[in-house]
Amino acid sequence: MSHYEIDHKLLDRFLGHVLDRYSAGDIDRTTAVNTIEFLVETVALPGGEGAGPAKYMQNVLAGEFDGPPT
């Protein structure tokens, strides 16, 4: 499996997780939007800043935090 395919599978899992939590009422709309928005911001960062988008998505999927850091 290519790196591209792995990234897309992780993105699919991340978006599904956030949307499922919103649908279940576990998080509100603002938290869901902010969680996805933060991912977009991490993608826009120059290399070397922060943990990067993959690590952020993995942390959200692992339940390490609800939504983006404040």
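The values are calculated or read from the model by the stated rules, or taken from the named source; none is laboratory data. What you are looking at is a predicted structure, and each value in this text was computed from that prediction instead of being measured. Ideal geometry is used to build each Cβ from the backbone, glycine not excepted, and the neighbour counts take in all protein chains shown.
Data overview
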read-out: Matching residues in segment 1-36 - criterion: being charged (D, E, K, R) and surrounded by 13 or more Cβ atoms within 10 Å (Cβ to Cβ); value: Asp7, Arg13, Arg21
read-out: Matching residues in segment 1-34 - criterion: being of a type in the set (S, T, N, Q) and without any contact (Cβ under 8 Å) to a residue 12 or more places away in the chain; value: Ser2, Ser23, Thr30
read-out: Qualifying residue in segment 38-59 (condition: part of a helix (DSSP H, G or I), touching a Ser or Thr at 6+ places or on another chain (Cβ under 8 Å), surrounded by 12 or more Cβ atoms within 10 Å (Cβ to Cβ) and modelled with pLDDT under 90); value: yes
